[in-house]
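Contents: one structure, followed by commentary.
The values are calculated or read from the model by the stated rules, or taken from the named source; none is laboratory data. The structure presented is a predicted model; accordingly, all values stated were derived computationally and were not measured. Counting neighbours? That spans all protein chains shown, and the Cβs are built from the backbone with ideal geometry, glycine included.
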Amino acid sequence: MTSSSTAGDLAEGVTEVAVPIPALVYPQIQVIDENKVFSYAGSVLLILLKGLTCVSRNTVNDYLQKVDLLSAGLNYHLISVFGSQSTGKSTLLNALFGTKFDVMDESKRRQTTKGIWMSRAKQDKILVMDVEGTDGRERGEDQDFERKAALFALATSEVLIVNIWEHQVGLYQGANMGLLKTVFEVNLSLFSSPNKSLLLFVIRDHIGVTPLENLAATLTADLERIWESLIKPDPLSNSKITNFFSLQFTALPHKILQPEPFRKAVDGLGHRFDSKDHEHYVFEKSYHRNVPADGWSIYAQNVWTQIELNKDLDLPTQQVLVARFRCEEIAGLAWERFENDVKPVEGMSGLVAGLGDIMGPARQVALEIYDAQASRYTRTVYEEKRQELLAKIDAKLAHIYGHYISTLHKIAIQKFNTSVTSELGRPNYIFLDSIQAAKSETLDAFVAAATEAQVEGALLPFESELQSLTSDIEESVSRLRALEAKKLGSRITRRLTSDLDDIYPRIYKNPNEDFWDRIVLTFREVLDKNLAIYKVEKDDVVTYDLGLGGTVAEVAAEIDQIKMEAWKALYRKMKEFSKPENVLIRLREHFEERFKYDDNGVPRVWKPADDISDIYSESLKSAMRLLPLYATARLENGDTVFPDPDVVPALQRDEEIEIEKFPILLSESQMLPIRNDLKRIADSMYVDAKRSTIQSIRQVPLYFYILLLALGWNEIMAILRNPLYFALLAMVGGVVYVAYFLHLLGPIMKMGNAAFDQAVTSGKEKLREVLDVKPMDSYSRNRTSALAESGSTKADIPLDDLDENGKTTSSTKSNTSPGQFN
Ligand SMILES: Nc1nc2c(ncn2[C@@H]2O[C@H](COP(=O)(O)OP(=O)(O)OP(=O)(O)O)[C@@H](O)[C@H]2O)c(=O)[nH]1
């Protein structure tokens, strides 16, 4: 018992000065009608956890809206009154709270209040329920409604005003003790843990003979007795009535007989409801049912439905159900607002400027909407639904943000490529610096834009996208590095090719057994020279730095690529020089050098004594010996020339090179025509040599000189007699003598003849070229040239068929010549 009021209350009512009441008159609403139907319109069926519960967008909500309490949250109070029929309950409520509940027409003396009515009180944020009176003759023995109504009042109200006549105190039925017993019983099932309510006994028609104190004591004793008689569940077996109820008592004078004291007493009683400082202030936090005003109608309706269905009325569960329903409803509203706010940026392609400034406030506003209304409901439900809402909002934000940073990623990589391409297009660029600058700029811009669009509190990670962008950039850098390495490789290969162009022909022209050793050695020297500037030697370990960055493995691969290109350049050079036509020319030159010139390099003038066949044979053999050298790249030790093992895999993938045939430059089938052609050329030269010898040994007949003397006698004499002619003759004679003395007369004449013959042959060749328009392949052309130079374009002429003048003596033909190469 929190307070036990006595006559002091009465005195309080009498002595206190009435506070002027604002002339506010609120309408009323029937919450439950006499047929036990909850007041609603246009019901909506909802499934709330278990079973079907009829929940409405009802008139109660409309009413609360109308009386401006719908948005009051938990800041409202609910008071019910119950008691016997026609005991002046409505009269009391109207006087106490300024309501307009119907009051019985005295002349008719019949039930006025049917069902349960509600009205807002004149006091701040108080709702009052006027419950149909008990013991009415209209319902007779049917106590169903009064029990249910009492239960409903208890489940919803903080304060229950029990209205009794003074003369009923001490009576069992008249004082509603039977009903109170029911109330106590159901209270135990309603509130498994103590959830207090205030029972405010208002004793009417108190005439003052029995002090209020005594009346209160009687009532208290009755209540405790009832409480003790209840069968309580185990955990509550030792509980007291005061664990569940606070009790207050007050008494009012007769309204009709003592109107003024009645009014004053009512005014005094009113202060208990609006003055927090009042010692009997009726409202305590623990009395509140913790159902926000906007959820009250659902709560009340659920409670009533449960009561109507005679089901266990577990109020905490009902509160949770209402909280769940309302929190979901509020979360729905908040989500709707959020969706509307982010809609403009959701479907946008490309980068949305100021995304964070749109998403952040949208999230904030949605949460504020939710918090403002839902935070009044059961904490656990509120938080659970808030988490759900937050998760939904953040998932949407993550989706929008994901799209944003993915677009950002694409734009960033494009910008990187553009920037780096333009950097690398500049003269004298430094690859690594250019790449690093573009990379830093791109990543910084990405991080800045991604951070700018972040929303405080939301988990919007961009690290994985940043990682993906970084690896895309690295991939791009790798590609650029490969291109750069290729460019560098091409430059090195060009320099190497140029060096080989310079050196290779010299080695090639003078082949011997270590011919290929020299070529490979020279190649390696040239390659080393070109790679030397990139070489880094540290602790006897040789690595390379191409100035392109990259890992050790990447650099090694790039160096291998360069080496591979170098080997390809060598291969091309080898192939070029080993073309059959080039080899034929080289062999012919080699033959000529030995056949037409002596060991001192002096052109041979063939004399009858010379062994032409032997020289021919030796020269041809020497030339033929070169062919295998040119045909297969073989080192002196017998190994074939082959690329280094580290470049072989790359060469194997290269389409230009058949790596297995790397050292094979001329096949057997290619060598055969070269041999034949060389032989033909050599034969031709041999024939010419033979012919020139025969011509040199031919003699002028003696009679030619006698005839010349006879016919030229006069001229001879004229010359001898003329001093001028004679002097000239003497000079010519002197020159001839000196030539003869020096044995130059014969060679001078031979050279003259040879020069003449050569001129004739060249003339014929030119004439043939002019007349012969048929195109020739390079080998045929070179071959023709080689043959023409040797004068062997004619058919082979066997030496045995020549007479001493070098002419063909018969049609007999021989297939072999004396000096034929075997
Ligand atoms: N004796 C007496 N009669 C009162 C008092 N107050 C009101 N009445 C009369 O009691 C009768 C019933 O009043 P109501 O206020 O309608 O009583 P009620 O309890 O609300 O009636 P129901 O709603 O029908 O249960 C009326 O004729 C009132 O004039 C009072 O203090 N004393």
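Points to keep in mind about this one:
- Inter-residue pairs, beta-carbon under 7 Å, first under 15 Å from I473 (Cα atoms) and in region 414-437, second hydroxyl-bearing (S, T, Y) and modelled with pLDDT of 85 or more, 6+ apart: K415/T442; F416/T442; F416/S476; N417/S476; V420/S434
- Close contacts from region 240-264, counting a first residue that is of a type in the set (D, E) and a second that is within 16 Å of the ligand (Cβ to nearest atom) and in a helix (DSSP H, G or I), with Cβ to Cβ under 6 Å and a gap of 6+ residues or different chains, come to none at all.
- Scanning region 372-396 for residues that are assigned to a helix (DSSP H, G or I) and more than 32 Å from the chain's Cα centre (by Cα) yields a count of 10.
- Being out of contact with any helix residue (DSSP H, G or I) (no Cβ under 9 Å at 6 or more places or on another chain), farther than 25 Å from G208 by Cβ and assigned by TED's automatic domain parsing to the domain that holds T87 is true of Y287.
- Some residue of region 135-147 being part of a loop (DSSP other than H, G, I, E, B), away from the ligand (no atom under 12 Å from the Cβ) and modelled with pLDDT of 85 or more: no
- Which listed residue is at pLDDT 85 or above and within 15 Å of the ligand (Cβ to nearest atom), from N163, N176: N163
- Top-ranked residue of region 72-120 - restricted to ones that are among the charged types (D, E, K, R) and within 11 Å of the ligand (Cβ to nearest atom), ranked as modelled with the highest pLDDT: K89
- Each residue in region 448-465 was checked for being in a helix (DSSP H, G or I) and surrounded by 15 or more Cβ atoms within 10 Å (Cβ to Cβ), and 3 pass.
- No other residue among S286, S246, S275, S229 is touching a strand residue (DSSP E or B) at 6+ places or on another chain (Cβ under 7 Å) and among the hydroxyl-bearing types (S, T, Y) apart from S246.
- Residues in region 438-489 that are under 30 Å from N530 (Cα atoms), of a type outside the set (A, V, I, L, M) and without any contact (Cβ under 8 Å) to a residue 12 or more places away in the chain: E474, E475, R479, K487.
- With respect to the stated conditions, F262 is aromatic (F, W, Y) and either closer than 23 Å to S86 by Cα or within 16 Å of the ligand (Cβ to nearest atom) (or both).
- For region 684-704, the criterion of being modelled with pLDDT of 85 or more, of a type in the set (G, A, S) and over 25 Å from W567 (Cα atoms) is met by at least one residue.
- Residue, nearest to the ligand (Cβ to nearest atom), within region 207-257, restricted to residues that are part of a loop (DSSP other than H, G, I, E, B) and in contact with a Phe, Trp or Tyr (Cβ under 8 Å, 6 or more places away or on another chain): K255
- Counted residues, region 529-577 - those being polar (S, T, N, Q) and part of a helix (DSSP H, G or I): 2
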